[in-house]
Structure formats: structure tokens, C-alpha cells
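S.K.: Handing you a structure now.
The values are calculated or read from the model by the stated rules, or taken from the named source; none is laboratory data. Every value quoted in this text rests on a predicted model; they were computed, and no experiment measured them. Cβ sites come from the backbone with ideal geometry, for glycine too, and all protein chains shown count toward neighbours.
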Amino acid sequence: MRLNKVVQIAWKGLSKNKMRSLLTMLGVIIGVAAVIIMISISAGTEKTIEEQITGLGSNLIFISQNFSRGGFGPGGGGGSGQSGGLVFDDAQAIADQVDGISGVVVDQNSSQTIKYGTVSLDDVAILGTTPDFPTVRDMTIASGRYFSQAEVDRTQKVAVLGNSLAQELFEEQTPVGQVVTVGNTKLTIIGVFEEKGLVGNADYDMWLYTPISVVFQKFTPSMMARVMGDRVRMIYVKVDEQHNMEDVILQIELLLAKRHNVSLDEPDFSITTQQDIIKTREATTEAFRNLLAWVAAVSLIVGGIGIMNIMLVSVTERTREIGVRQAVGASPSDIRWQFLTEALLLSLVGGVIGVLAGVGGAWLFGMVGGMRTVIVPESILLAFSSAAAVGVFFGYYPANKAAQLDPIQALRHE
Amino acid sequence: MTNKHSIIQTIELCKIYGKGDAQVQALSGVNLTIEENEFVAIMGPSGSGKSTMMNILGCLDRPTSGKYTLAGEDVSSLDKTQLAIIRNQRIGFIFQSYNLLPQTSALDNVLLPMFYNRNNHRSESEYREIALAALHAVGLGDRVDHKPQELSGGQMQRVAIARALVNQPVLILADEPTGNLDSRSGAEIMQLLRQLHHQGSTIVMVTHDHEIATYAQRAIHFRDGMIETDHQNGQFTPLASKKDTQNAVE
């Protein structure tokens, strides 16, 4: 028998029971649509994460205080001996003594009320940093300039504004050269950053950047300042080449361990790379994706069982027809192909409808659900081929059952 | 060696159903030869083995032992696929209950055996022409697109006969072809079969009906899985005894 004839007969068989065929396909439709929608959501999330990580700047090493040891607890200031956490001099030492780095930045933050003219903004994040900050964090000055090392050394009261903050404070005016009141301190605006967008949860565009020495002197609460001295929240090190990462990390570890007088087994600082962050996030996404894969697999299997069930009913109902076909010369393999083709058609048509529903659903999630979705072409292929595999796998048993029928029994069947 | 004019030749054909104590011997050593262009009626009470004989002759079933040669080919031990090919290319079936595919036009029903024919490599339109010709030949040229439920019993049986003919079988097997028909339609169908016979077909027909059996040349009675009598009907064979003819007519 020719293929087009087989497909035609199978199609006829299915269209005689349109409602039943549609209901049977529903499992596959839902399974396929679920695969596509979920992969598109997961791809959208992944893309957002990827953009955030790129926004952080590349080849970055983060050094922070290890709070499990030393540091400041509620009960006491400072750790044991010299292990007082990260200090400004640590950053200086790294900049001077470690090879293969293109920038070191420290930051200490605070939150203050900013006033300019009649505008007053509460709880604005103040970030004390060093001159390498724009390089290390991949930020570009839109107008004016960033502050220099000399200004940090002299505790010069200058500030650079994030783009949105500048707009909120100055609206149409030119910010550079103006003086704003931050807490009780007057800072001269020397530059404005270009828009950076949200990076993680941080809105860099709403921050005020000032020399770290200014933060130490003016914005650290006095009691904490006494205990902490010129302690910094975090040191960012930008490595010049990706392949120097491990070497740089090792150098920093040795240097800081020596400076803090701690062993490397129990350091009072922790070093994280961007790679670590990416890996953590990838692991999260991976777990999410695995879950989706299970959901999709389960719905496809349920869909497949639906197909098998209906095909078994169909074989029983059409026993007489099978007998007639056998009598006029259909071989077991002819009969097997006929029913296998029907099962396959059910799953493929279900697959097509599922793909349409999935693409539409993903679009809807993106539009209405406020979720970012990215249609992955491979997901369509994957979903479709899974549907086909389900059709063959679950269609084979009923088809084989039909093929094995005894023609005499089949012809006698009422 | 098989006589080359023999369409059917069976030697010691046996069929046993079941196992152990539940064994039923449906056929016990049937020797039967049917020549080309014979029209044979097989008769006998239920349980006589005539249905079993038909199933084996129709290659729907295999004998437990013995040999069945159809048109010179030993078919006693073929597998299911090979039997399907024999049924398709060598045998045309006519059933009591027509056995047409429901919701399928007369034309498509007649086309069916050709789709399963592996030796046929004609185009779709050639298939259609053959099927249409077959439907014309049985007098249904104006009913080709009707579905079985739109046809009368006699018309359905004509469709079945057209279907039985399209692959040009060497043997036509009719199982109670008039069993579901009123006497007028039954007579028409029998006329059609007789006409096929005159055109050269070899026909084997199972029937209860003695009157129907008179359309055949030869009547074979089965009893207890064996041939009880085998004789020529009067008008075809002057040598047959008057008593035998009488039997057949009763």
C-alpha cells in the first residue's frame, strides 16, 4: 500500500470521530504547549539574568568580609587581633602588589537625604568608591567627569550622579557644577553617568557616587566609625585577562591572609568571582528547567496513554472492519501501519495544535503576564518530535493488537 | 503433480480445534478436487465442517494437517502475510452479511482490494476505472458514490461481488450469498453468479438453501467433517442419477 493511501485511510478513520479525536489529542496538545511555554519562560528568565551579569562588568572579583569569622557581631566590635575585616588599606595593597589587575575599587555605602533647591529626596543610596569604579563596573560618564585619586586622597567633596537621580534633582538644568546637600554635607556635582538600567535589584541610575574618603568622614555613623575605622563593604578587583583569574585570586588570598594574619583555611574574607555568580544562577535555572522537563514529560506520557486508550477502543470497535480488510488481502503489517499511522496522526496533529497554542501562550504570557518569554526554535522541534515519539510508542501496542487479530474471529465480531 | 486445470486440490485435509479433552475434529481427512470453471455448492448441517472447509479454502485459516493446493500453489503452510497475499490476489470473497466498510462509498469499497495488491502498480485513475467497470458490470454504474447504508441488500451484495472481482481472482468464495436477501434479490444475485460462471469464473458457494444450490453444477454435502456426497446437478451433468438430483433439489 502506498503511503499517501495509508495516511488518507487513517485520516478518514479519525475524522469519523472528530470530537473523540480532538479530546484524545488534548493531552498531547497540553503537553506540547507546556513544553514550549515553559521553555520560553525559562529562556526569557535566563536572558534577563545574562543581561544583568553582563551589566555587572566582566572579569570581576568580589572580595567581601567573611561574617562567619571576625567582623562585627552584635556583641562586640571587630574580630580577634588584626582580623577586623576589609579595610581601605587592603584595597591599596592589592592595587600595589597584585599582578594582572586593571582596577581595584572599594565601596562603602550609606543612605542619605539629598536636597537641591526645592527638591528633596529621602533614602538615596550613597556609594563611596575609588577612581577605577567606572572601568571596573563598565559605566560610562555622560557629561562631566569622574573623580580622581587626588580627590579621594584629599577627601574632596564632589559627587557623580546616576542618570535618573540627576533627572529627578535637576530636571532640565545642567547638573555639573551645581551643589547638592547630602545629609549635612554639601557636594559639588562633577559628572553624570549614562543610563545603566537595573542590574540585579540595584538601580545604579538612582545612586550618588562620591570619593570613599568622603563617605568615611561624613556619612558613616560616628559610633560605627570608631569601631570600624576605614572599613570597606566590598573590594572589587577587575582582572585584565580572563585566564589570569585564578592566578589573581591566589595572589589576593595570600596577600590578605598575610595582612590579616589568618590561615587560608579559615580566612576572614571571601572571594567570589562573576563565574561563581553565573554558576549559582545557572544551577537555579537548571533546576527550574529540570522541573519543567518533568512536567512536560508527565503530560506527554499522560497524553500518550490517552492515545493508547482510544486506539484500543478503536481497534475493538473496528474489529469487523479489520476482518474485512484482512479478507480482501490486508497483511498484518498493513493493519499495523494503518493503526500506527492513526496514532501518529493523532499525536502529530495534536503536536501542531500544541505548537500553535504554545507559541500563542508564550506570547500571551509575555504581553499580559508581564513575564519575559523567548521562543526557542529548538523547543518547537523538541516538543514536536516528543509528540511523534509518544504517538509511535503508545500507538504500537494497539496497532499490533489489531494486526494479530484472527480474520475469522474478526469477521464474526458484531 | 497437481493437475494444472485444478483450482482446488486438497489431500487428507484435517482441522482440529482446541486441545486435550476439549478437542474438536472439524475436518477429518477431506479429499476434494475442483476444476477450473466449476460452480460448486457446499452444503451440510451446522457443525458438519463446511464453514471450516470454507475458511481453509479461503486461506483465512490453515489446516492442522493435510495439503491444500490452490491454482497449483501449496498454501497449507504459508504464514499470515503470505496468506493475506493469496487472499488478495487469488480469492474473491462474497459474504452473507456483505461485509462492506460502513460510511465508505461503493467505489471506495470496490477499490479496497486493489490498494492491498502488491503486484498492482497502476495509477490511482486506472484503479478507479477498474472499480467503476466492475460496478457497471454488476449493474451499479449509477450508485458508485452511495454508501452502504444508502443501498438495498441486493445492491450491497452486488458491491461485494464487484469488490470480489477487481483483482481477477482464480476462485470466488461465496458464503451464504443470499442468506440476508429476499427471494427476488437472491435470485438476481444468483443470476449474477451464474453469469460469472459462464464467463469462466470458478465459484465455490456455501449454502443451506437447496433451491440456491441448484444454480451450481455440483453439490458437495458435508457431515461430521467429511464429504458425505459429491454429485453433479442434473442439468449440467446428464450422467448424474435422478436420485442425486432429487436430493439436491430437496
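S.K.: Would you check which residues across segment B:140-157 are part of a helix (DSSP H, G or I) and of a type in the set (A, V, I, L, M) and list them? Spell out the reasoning first.
M.R.: Start the filter on segment B:140-157 by keeping residues that are part of a helix (DSSP H, G or I), which leaves B:148-150, B:153-157.
Correct list: B:MET156 only.
S.K.: Check A:MET1, A:MET38 and return the single one that is at pLDDT below 85, surrounded by 21 or more Cβ atoms within 10 Å (Cβ to Cβ) and of a type outside the set (Lys, Arg).
M.R.: On the way: A:MET1 fails: surrounded by 21 or more Cβ atoms within 10 Å (Cβ to Cβ).
On inspection, the qualifying residue turns out to be A:MET38.
S.K.: Here's a check for you: in segment B:69-93, which residue that is touching a strand residue (DSSP E or B) at 6+ places or on another chain (Cβ under 7 Å) and more than 20 Å from A:VAL324 (Cβ to Cβ) is surrounded by the fewest Cβ atoms within 10 Å (Cβ to Cβ)?
M.R.: Looking at the filtered set, the residue picked out is B:ASP74.
S.K.: Taking A:ALA330 as the residue in question, decide whether it is within 14 Å of chain B (Cβ to nearest Cβ) and hydrophobic (A, V, I, L, M, F, W, C). Lay out the reasoning, then the answer.
M.R.: Numbers: within 14 Å of chain B (Cβ to nearest Cβ): yes; hydrophobic (A, V, I, L, M, F, W, C): yes.
Answer is yes for this residue.
S.K.: Residue under question is A:ALA93, and the condition is that it be part of a helix (DSSP H, G or I), out of contact with any Ser or Thr (no Cβ under 7 Å at 6 or more places or on another chain) and either under 28 Å from A:ARG231 (Cβ atoms) or modelled with pLDDT of 80 or more (or both); does it hold?
M.R.: Working: part of a helix (DSSP H, G or I): yes; out of contact with any Ser or Thr (no Cβ under 7 Å at 6 or more places or on another chain): yes; either under 28 Å from A:ARG231 (Cβ atoms) or modelled with pLDDT of 80 or more (or both): yes.
So A:ALA93 fits the description; yes.
S.K.: Would you mind telling me which numbered condition in (1) at pLDDT 80 or above; (2) under 29 Å from A:THR155 (Cα atoms); (3) among the aliphatic types (A, V, I, L, M) A:MET224 fails?
M.R.: A:MET224 satisfies all of (1) at pLDDT 80 or above; (2) under 29 Å from A:THR155 (Cα atoms); (3) among the aliphatic types (A, V, I, L, M) except (1).
S.K.: Report those strands (runs of 3 or more DSSP E) wholly inside segment B:1-120 carrying at least 1 residues which are under 17 Å from the mean Cα position of the chain (by Cα) and more than 14 Å from chain A (Cβ to nearest Cβ). Break it down stepwise before answering.
M.R.: Numbers: elements: B:6-17, B:24-35, B:39-43, B:65-70, B:91-94.
Per the criteria, B:6-17, B:24-35, B:39-43, B:65-70.
S.K.: Any residue that is in a loop (DSSP other than H, G, I, E, B), buried (at least 20 other Cβ atoms within 10 Å of the Cβ), at pLDDT below 85 and not polar (S, T, N, Q) - is there at least one of those in segment A:99-119?
M.R.: Looking only at segment A:99-119, we keep the residues that are in a loop (DSSP other than H, G, I, E, B), and these are A:99-100, A:117-118.
So of that shortlist, the ones also buried (at least 20 other Cβ atoms within 10 Å of the Cβ) come out as none.
Within segment A:99-119 (the criterion being in a loop (DSSP other than H, G, I, E, B), buried (at least 20 other Cβ atoms within 10 Å of the Cβ), at pLDDT below 85 and not polar (S, T, N, Q)), the answer is no, since none of the residues qualifies.
S.K.: Among the residues of segment A:369-387, write down those that are in contact with a helix residue (DSSP H, G or I) (Cβ under 6 Å, 6 or more places away or on another chain) and assigned to a helix (DSSP H, G or I). Outline the logic, then answer.
M.R.: Residues of segment A:369-387 that are in contact with a helix residue (DSSP H, G or I) (Cβ under 6 Å, 6 or more places away or on another chain), as a first pass: A:371-376, A:379-380, A:383-384, A:386-387.
Within segment A:369-387, A:SER379, A:ILE380, A:ALA383, A:PHE384, A:SER386, A:ALA387 meet the criteria.
S.K.: Which one of these does A:TRP337 not meet: (1) closer than 19 Å to B:GLN103 by Cβ; (2) within 14 Å of another protein chain (Cβ to nearest Cβ)?
M.R.: Only one criterion is unmet by A:TRP337, namely (1).
S.K.: OK, next. Going through B:ALA160, B:ALA174 one at a time, which residue ends up being within 13 Å of the chain's Cα centre (by Cα), modelled with pLDDT of 95 or more and in a helix (DSSP H, G or I)? Break it down into steps so the answer makes sense when it comes.
M.R.: Details: B:ALA174 fails: in a helix (DSSP H, G or I).
It is B:ALA160.
S.K.: Specify which of the listed residues (B:VAL170, B:VAL166) is within 10 Å of chain A (Cβ to nearest Cβ) and out of contact with any His (no Cβ under 6 Å at 6 or more places or on another chain). Outline the logic, then answer.
M.R.: Values: B:VAL170 fails: within 10 Å of chain A (Cβ to nearest Cβ).
Only one candidate qualifies: B:VAL166.
S.K.: Also, I was wondering about something else. Starting from residues that are free of Cβ contacts under 8 Å to residues at least 12 places away in the same chain and assigned to a helix (DSSP H, G or I), keep the ones in segment B:121-139 and report whichever is nearest to the other protein chains (Cβ to nearest Cβ). Steps first, please.
M.R.: Step one: filter segment B:121-139 for residues free of Cβ contacts under 8 Å to residues at least 12 places away in the same chain, giving B:121-126, B:129, B:133, B:136.
Still in the list and also assigned to a helix (DSSP H, G or I): B:124-126, B:129, B:133, B:136.
Working: B:GLU124: 9, B:SER125: 14, B:GLU126: 13, B:GLU129: 17, B:ALA133: 18, B:HIS136: 20 Å.
Taking the candidates together, the pick is B:GLU124.
S.K.: Could we say that A:ILE277 is among the aliphatic types (A, V, I, L, M), modelled with pLDDT of 80 or more and closer than 23 Å to A:ASP107 by Cα here? Don't jump to the end; show me each part of the working.
M.R.: Working: among the aliphatic types (A, V, I, L, M): yes; modelled with pLDDT of 80 or more: no; closer than 23 Å to A:ASP107 by Cα: yes.
Spelling it out, it is not the case that A:ILE277 is among the aliphatic types (A, V, I, L, M), modelled with pLDDT of 80 or more and closer than 23 Å to A:ASP107 by Cα.
S.K.: Criterion first (modelled with pLDDT of 90 or more and either in the same structural domain as A:PHE88 (by TED's automatic domain parsing) or in contact with a Pro (Cβ under 6 Å, 6 or more places away or on another chain) (or both)) does A:ILE126 satisfy it?
M.R.: Values: modelled with pLDDT of 90 or more: no; either in the same structural domain as A:PHE88 (by TED's automatic domain parsing) or in contact with a Pro (Cβ under 6 Å, 6 or more places away or on another chain) (or both): yes.
Spelling it out, it is not the case that A:ILE126 is modelled with pLDDT of 90 or more and either in the same structural domain as A:PHE88 (by TED's automatic domain parsing) or in contact with a Pro (Cβ under 6 Å, 6 or more places away or on another chain) (or both).
S.K.: Among the residues of segment B:45-66, is there at least one that is closer than 22 Å to A:PRO407 by Cα and out of contact with any strand residue (DSSP E or B) (no Cβ under 9 Å at 6 or more places or on another chain)? Step through it out loud before you land on a result.
M.R.: To start, the set of residues in segment B:45-66 that are closer than 22 Å to A:PRO407 by Cα comprises B:46-66.
If we keep only those that are out of contact with any strand residue (DSSP E or B) (no Cβ under 9 Å at 6 or more places or on another chain) too, we end up with B:46.
Within segment B:45-66, one or more residues are closer than 22 Å to A:PRO407 by Cα and out of contact with any strand residue (DSSP E or B) (no Cβ under 9 Å at 6 or more places or on another chain).
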